[in-house]
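Below: one structure, written as structure tokens.
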Amino acid sequence: MTAPGTPRARPAAGRRQLHLRTKLILATLALLTTICMAIGVLSHLAMSTYLTGQLDDALTPAAGRAGFPGGRPPGDDQRPSRDVDPENAAGQRPGTLNAVFDAGDVRSSALVQDDGSTDPLAAADLDLLAGLDPVAGPEELTLSTGHYRVDAAVLPGDAGGSGGGVLVTGLSTTERDSTLVSLDITVAGLSLAGLVLTGLAGTVIIRRSLRPLEELSAVATSVSQLPLSSGEVAVPVRVPPAVARPGTEVGTVGLALNGMIDHVTSALRERHASELKVRQFVADASHELRTPLTSIRGYTELVLMSEAVSPSGRAALERVDSESRRMSSLVEDLLLLARLDEGQRGEATDVDLTELVIETTSDARVAAPGYSWSLDLPAEPVEVLAVEAEVRQVLINLLSNAHKHTPPGTAIATALTVTGGTVSITVTDSGPGIDPALLDTIFTRFSRGDAARSANAGSTGLGLAIVQALVEANGGGISVSSAPGRTRFRVDLPLGRPSSPAGHAVRRNP
């Protein structure tokens with residue numbers, strides 16, 4: 001388990017975010033597709049209207065030619081005469097049909113073939129043609145021989161209800177339909193080719209246009225990965241001058257990002273300098289306080305042992321001795337943190353962690369006999385490469401913290417486990433737990449649960465800060481989880497050498 005920290009938020013499953021360049025390309029293609037579809041539909045409608053108009057214009061001459069037996073030219077008057085011969089194919093193009101009806105009954109009909117001959121229409125087709133209204137104008141019908149544009153005209157002499165009947169003339173729409181299909185295929189092909197070329201060209205253009213933005217993102221990512229939390233900090237990355245140029249949106253952002261990085265770097269340097277001054281002051285003050293505190297303790301003990309003092313005076317001297325001891329403990333803790341900040345540490349050696357856990361737990365059991373202590377250790381010894389005094393101090397502080405902040409009778413369990421190349425030490429108690437508001441700052445120096453920092457608590461607020469500093473100095477991490485009835489501190493340390501294969505866990509009493 002790594003040291004506690006705020007996890008980075010991840011996008012929810014099924015909500016994958018698209019890149020900006022992908023959105024731009026898709027939007028461009030969607031707009032172009034809409035335009036191509038609109039052009040295709042309008043072109044189809046315009047061409048269909050034009051060709052249908054041509055068919056309608058050709059219906060009247062076709063009807064007139066059927067009204068002149070022998071194929072005489074219609075002249076100026078193209079309306080069919082009363083003497084209609086549907087079988088007159090002179091001047092008629094293939095696919096033309098003519099039919100004459102008297103009172104709904106067919107008088108004669110003919111369909112011009114490709115070779116100029118005529119064939120009578122089928123009975124089903126004649127039934128459809130007989131229902132046409134001469135007043136309605138041209139219509140389209142689907143007959144057994146194909147799709148036709150047809151029109152009905154009343155023959156002269158039948159306006160009063162008697163005479164020659166009704167002439168129905170029709171022209172095949174095959175040429176018109178094939179023309180429209182060719183137009184649709186052409187528009188669709190050109191549109192598809194245009195979409196493909198636009199997609200390829202747009203991808204190249206948008207990638208080139210957004211490349212400076214990607215450089216800004218790379219710079220921001222590099223800064224976010226730098227260890228800026230403590231220590232001397234330098235931010236060496238900047239937006240390249242070729243990108244951070246005024247006049248463009250991306251260039252303006254690049255200039256602003258460089259300015260922000262410079263400002264942050266300056267602030268971090270000032271913060272580090274201030275930290276160094278404070279740490280140096282604490283180290284110097286702690287070192288200077290050791291001698292007078294030792295003198296106070298010595299003279300107090302001397303007076304208590306050699307001089308006859310009143311009960312009230314003895315109580316005052318004992319209080320002086322107690323507070324001087326507490327002050328000495330605080331000074332020693334501050335000195336230890338100052339040495340760790342300066343890197344003053346012992347030499348790392350092979351440490352038998354199993355034996356160390358047993359020893360420190362046994363000492364804690366003697367110091368706090370009113371608690372229930374237990375051990376959970378692997379069957380084989382576990383060794384780590386660390387500074388033994390520092391690891392021992394970590395265990396002492398954690399065990400002391402467990403019984404100082406829990407009521408008597410609390411069960412405190414210490415466990416040692418090996419997982420891969422990491423060894424974990426856990427100290428778990430069944431106490432009331434830690435205030436959730438304190439969990440985020442529990443490893444901060446002078447962090448204590450009581451806001452008043454009363455002297456009766458017997459805590460300086462440096463124990464867990466020392467634990468974290470010592471664990472991190474040995475290349476490990478520490479974390480804490482707490483709930484009412486269960487609080488667990490976990491220390492992870494890297495193994496110094498491969499340990500023996502672990503057998504089944506063995507529970508021992510310290």
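Arg339: at pLDDT below 90 and within 20 Å of Leu399 (Cα to Cα), yes or no?
So Arg339 does not fit the description; no.
List the number of the failed condition for Ile412; all other conditions in (1) over 17 Å from Gly475 (Cα atoms); (2) of a type in the set (A, V, I, L, M, F, W, C); (3) surrounded by fewer than 18 Cβ atoms within 10 Å (Cβ to Cβ) hold.
Unmet for Ile412, out of (1) over 17 Å from Gly475 (Cα atoms); (2) of a type in the set (A, V, I, L, M, F, W, C); (3) surrounded by fewer than 18 Cβ atoms within 10 Å (Cβ to Cβ): (3).
From the residues in region 378-416 that are part of a strand (DSSP E or B) and at pLDDT 90 or above, which one is nearest to Glu347 (Cα to Cα)?
Within region 378-416, the match that is nearest to Glu347 (Cα to Cα) is Leu416.
In the set Val135, Val150, which member is in contact with a Leu (Cβ under 6 Å, 6 or more places away or on another chain), more than 30 Å from Leu24 (Cα to Cα), not polar (S, T, N, Q) and not in a helix (DSSP H, G or I)?
So the residue among Val135, Val150 that is in contact with a Leu (Cβ under 6 Å, 6 or more places away or on another chain), more than 30 Å from Leu24 (Cα to Cα), not polar (S, T, N, Q) and not in a helix (DSSP H, G or I) is Val150.
Cβ-Cβ under 8 Å, sequence separation 6+ or interchain: first residue in region 178-201 and among the acidic types (Asp, Glu), partner in a helix (DSSP H, G or I). Which pairs?
Asp184/Gly40; Asp184/His44
When the residues of region 355-397 are narrowed to those that are in contact with a His (Cβ under 8 Å, 6 or more places away or on another chain) and under 16 Å from Ala411 (Cα atoms), which ends up surrounded by the fewest Cβ atoms within 10 Å (Cβ to Cβ)?
Among residues in region 355-397 that are in contact with a His (Cβ under 8 Å, 6 or more places away or on another chain) and under 16 Å from Ala411 (Cα atoms), the one surrounded by the fewest Cβ atoms within 10 Å (Cβ to Cβ) is Ala367.
Between Gly64, Gly70, Gly75, which is modelled with pLDDT under 70 and not in a loop (DSSP other than H, G, I, E, B)?
Gly70
Looking only at residues in region 93-120 that are exposed (fewer than 14 other Cβ atoms within 10 Å of the Cβ) and part of a strand (DSSP E or B), which one is modelled with the highest pLDDT?
Ranking the qualifying residues of region 93-120, first place goes to Asp119.
For every residue, the table says whether it meets (1) exposed (fewer than 11 other Cβ atoms within 10 Å of the Cβ); (2) closer than 21 Å to Thr28 by Cα; (3) within 26 Å of the chain's Cα centre (by Cα).
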{"position": "Leu197", "(1), (2), (3)": "yes, yes, no"}
{"position": "Thr203", "(1), (2), (3)": "no, yes, yes"}
{"position": "Ile206", "(1), (2), (3)": "no, yes, yes"}
{"position": "Ser209", "(1), (2), (3)": "no, yes, yes"}
{"position": "Val219", "(1), (2), (3)": "no, no, yes"}
{"position": "Val233", "(1), (2), (3)": "no, no, no"}
{"position": "Leu257", "(1), (2), (3)": "no, no, yes"}
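The values are calculated or read from the model by the stated rules, or taken from the named source; none is laboratory data. Given the structure is predicted, the values throughout are model-derived calculations rather than measurements. FYI the Cβ positions are ideal-geometry reconstructions off the backbone, even for glycines, and counts take in every protein chain you see.
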